[in-house]
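Below you'll find the structure, written out as structure tokens, and then a few comments.
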Amino acid sequence: MRTSQFFLATLKEVPADAEIVSHQLMLRAGLIRQVAAGVYNWLPLGHRVLSKVSQVVREEMNRAGAQEVLLPAVQPAELWQQSGRWDDYGPELLRFADRHERDFCFGPTHEEVITTLARAEIRSYRQLPVNLYQIQTKFRDEIRPRFGVMRSREFIMKDAYSFDRDSEGMSQSYQTMYDAYVRIFERLGLQAQAVEADSGTIGGNFSHEFHVLAESGEDAIAFCSTCNYAANVEKVDLTPASPSRPDATETMSEIATPNVHTIADLCNCLNIASSQTLKTLIVQGSEDTPIALVLRGDHSLNKVKAEMLAEVANPLRMASAKEVEEATGVAPGSVGPVGLNIPVIVDHGAAGVADFVCGANREGFHLKSVNWGRDLAEPRTHDLRQAVEGDPCPTDPSQPIQVRRGIEVGHVFQLGTKYSEALDGNFLDAEGRSQPFHMGCYGIGITRIVAAAIEQSHDDNGIIWPAPLAPFDVCIVPIGLKKSQQVADAVEALYADLTDAGFSVLLDDRNERPGVMFSEMDLIGIPHRIVIGERGLSKGIVEYRDRASGESADYPLDAFVTTLKTISSLAPNTT
RNA sequence: CGGGGCAUAGCGCAGCCUGGUAGCGCACCUGCUUUGGGAGCAGGGGGUCGGGGGUUCGAAUCCCUCUGCCCCGACCA
């Protein structure tokens, strides 16, 4: 490809709306352009990268025994009504009606469609197991799309669904996919980490996320420093092996705290640590009654854990100020567990504090030196809080966990029979009995991977593509192309030779100044650069430069194709 | 959905407070010069000032309204 023919759309300035480096560079390098909030055009350069990602994913899925299909993007409401998700999925599901006023949605995921397909076509255990996948555009009407294609509303996802006769088979299919994912991220040149995860709204009971570690990541991942435990912080179990609490040393008293409604205010006012305070959150109960959740002042509520409680509404909803007042008799900010006549569930951390400070259920007052089992009943405890750095590792409690940020690029779930039961996805087993499929589902964010790769690999000059993702393998920058027939001849010959050797080559044949060409080739991140000018040609050499290291060296022109083959095969991430 | 902000040339912005000729840098076009890290000089093109309504002799500027986009929070792959 020649730059004079190629749709290059680079930007010198950083677009004002782009926050994170991958978004900035994707716009500047001309990979994408925004069309609407969370909706993007993929320009030729970006599309080439996208194709590289898809191709690697496709090859590894095929190798793992999965078969590619293409399911519809638009799905009828009935399917979602049957699974119950028409109501459960919420406003994130983009819904619309056709000309006959029939309801449809734009698929955010495809469990319903695939299960219906399997129900129709798979009748016998002899046909199992099956794993079907697609690479397709999804739409999720995110409340707040941000960070470019990192969290867009329209995005491309590889989603696979496995069908097995029993849970052992499902576990095997799951493991096969897990292994395939490890290979995929390795081949893509990404440093990805598998972590234990919550299965969220997709449902199911066993799940791992694959994360690319990056400061800009939206998820927090807990690692153990010694064992190989790694989990989304939402998932970290903080149930203590042996609950303990210091003895009470003081007598409870009520103190005036005018205008104090936050933990920070309270700590300032009384000059105490937030770990010595308790906060009381009122949430909607699963019946109509509100529930009080009590946490230490310095801890925060983990929604996933709260939602696991039978008496808490799922999804979790915080009570409004008005509801709090109706339930407790006082406005938010003054609520405490003492004398509360709604159900109270206390986090293990909060249950371990003695002589604590909490709201007095009376405007302008707090209680001080409060103790469980004395000033109020021994609490009903549960694991409710978000893990933080330094919490004990669930596998080896003697070790503290570390918390790092990650970008979720893949997620594997064991679904079990949730969808097959809801949608009558059954087959006949060897005894002729009807059984529901044991399903698994496996997602990879194709578009997000492009952004994640850039987050992980860039410098001040632009993108540094891992070789397997690069839109072109090598670029040729001629010096004095229009002036020197010698340069023009050498460039054309090398371009042809490299192309014949199987490299994808970008030849900068514009009449630009060298600085412009260097800057743009750096920005778009081509791994290998060759500079050809009269100066070198007179000695029979060309200059080679490695984008990642910035190191350059001169090589003889006549054997350069062989040289580049050697160099590129030595690079850490080769195709 | 709550809170905040922005909308003026392809991009980045000024002008608005205090109403009166729509501007700057980059990009773009032409010419000359230049050619190893986003060139110099000269000339040039390009804007319903997000839409609608109002106030006024006169609105980018003041008022009302709608829309879009961005940020913070709750939500999520």
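Every number in this text was worked out from the coordinates using simple rules, so none of it is lab data. Predicted model, so just to flag it, every value in this text is computed and none were measured. Backbone-built Cβ (ideal geometry, glycine too); neighbour counts: all protein chains shown.
Compute, for segment A:470-553, the length of the dipole vector about the Cα centre, with Cβ point charges of +1 (Lys, Arg) and -1 (Asp, Glu) only. Units Debye, rounded to 20.
Numbers: 9 positive and 14 negative charges, 63 e Å.
Computed charge dipole of segment A:470-553: roughly 300 debye.
What whole number of Å gives the distance from the Cα centroid of segment A:1-55 to the Cα centroid of segment A:335-376?
Rounded to whole Å, the Cα centres lie 54 Å apart.
Taking the Cα centre of chain A as origin, sum charge times position over the Cβ atoms of Lys and Arg (+1) and Asp and Glu (-1), and report the length of that vector in debye to the nearest 20.
1200 debye
Starting from the Cα gyration tensor of chain A, take the square roots of the eigenvalues, sort them a ≥ b ≥ c, and report rounded, prolate or oblate (rounded when a/c is under 1.5, otherwise prolate if a/b is larger than b/c, else oblate).
Note, shape of chain A comes out prolate.
Would you calculate the separation in nanometres between label points at A:I143 and A:A377, each defined as 7 Å from the Cα along the Cα-to-beta-carbon direction?
Result: 3.3 nm between the two label points.
Between A:D88 and A:E512, 0.36 nm times their residue separation minus their Cα-Cα distance comes to what? If you can, show how the numbers build up before the last one.
Values: separation 424, 0.36 × 424 = 152.64 nm, distance 5.67 nm.
Working it through step by step, the gained length comes to 147.0 nm.
Which residues' amide hydrogens lie under 5 Å from the amide hydrogen of A:Y89, considering only partners 5 or more residues apart or on another chain, with H built in the peptide plane?
Those qualifying (amide H under 5 Å, at least 5 residues apart or on another chain) number zero.
So for chain A, averaging the separation of alpha carbon pairs under 8 Å that are six or more residues apart and normalising by length, what relative contact order in percent results?
Relative CO of chain A lands at 17 percent.
In nanometres, what is the gap between the two model label sites at A:E168 and A:E78, each 7 Å from Cα along Cα-to-Cβ?
Placing both labels 7 Å along Cα→Cβ, they lie 3.8 nm apart.
Could you give the length gained on full extension between A:V69 and A:I342, defined as 0.36 nm per residue of separation minus the Cα-Cα distance, in nm?
Computed gain between A:V69 and A:I342 is 93.1 nm.
Sequence-distant or interchain residues sharing an amide H contact under 5 Å with A:F365, placed H: which?
HN-HN under 5 Å from A:F365: A:T257, A:A360.
Give the residue from A:S369, A:I401, A:A354 lying farthest towards the positive end of the charge dipole for segment A:340-431; charges sit on Cβ (+1 for Lys and Arg, -1 for Asp and Glu) and the dipole is referred to the Cα centre.
A:S369
Going by average Cβ density within 10 Å per residue, which order do the peptides A:92-98, A:81-87 take, highest to lowest?
Ranked by mean Cβ neighbours within 10 Å, highest first: A:81-87, A:92-98.
Suppose only helical runs count, i.e. DSSP H with n ≥ 4. What mean residue ellipticity at 222 nm does that imply for chain A under -39500 (n - 2.57) per run, divided by all residues and rounded to the nearest 500 deg cm²/dmol?
It lands at -8000 deg cm²/dmol.
Loop-only trypsin sites (Lys or Arg not before Pro) in segment A:467-542, please: DSSP not H, G, I, E or B, and at most 14 other Cβ atoms within 10 Å.
A:K482, A:K483, A:K539
Would you work out if segment A:1-136 is rounded, prolate or oblate? Take a ≥ b ≥ c from the square roots of the eigenvalues of the alpha-carbon gyration tensor; rounded if a/c is under 1.5, else prolate when a/b is larger than b/c, oblate otherwise.
On the way: a/c = 2.89, a/b = 1.55, b/c = 1.86.
It is oblate, given that a/c is not under 1.5 and a/b is not larger than b/c.
Please list the non-local residues whose amide H lies under 5 Å from the amide H of A:R2, H modeled 1.01 Å from N, same-chain partners needing a gap of 5 or more.
A:L507
Could you point to the residue in A:A501, A:I454, A:G515 farthest towards the positive end of segment A:404-520's charge dipole, with +1 and -1 charges on the Cβ of Lys/Arg and Asp/Glu respectively?
Projecting each Cα onto the dipole axis, the largest value belongs to A:I454.
Subtracting the Cα-Cα distance from 0.36 nm times the residue separation, let me have the gained length for A:K12 to A:A248 in nm, one decimal.
Once the chain is fully extended between A:K12 and A:A248, it gains 78.5 nm.
Take A:E325 and A:I272, extend 7 Å from each Cα along the Cα→Cβ direction, and tell me the distance between the two endpoints in nm.
Between A:E325 and A:I272, the label points sit 2.7 nm apart.
On a 23 Å Cα-Cα criterion, which of the cross-link pairs A:K235/A:K322; A:K483/A:K565; A:K235/A:K368; A:K52/A:K565 come out too long?
A:K235/A:K322; A:K483/A:K565; A:K235/A:K368
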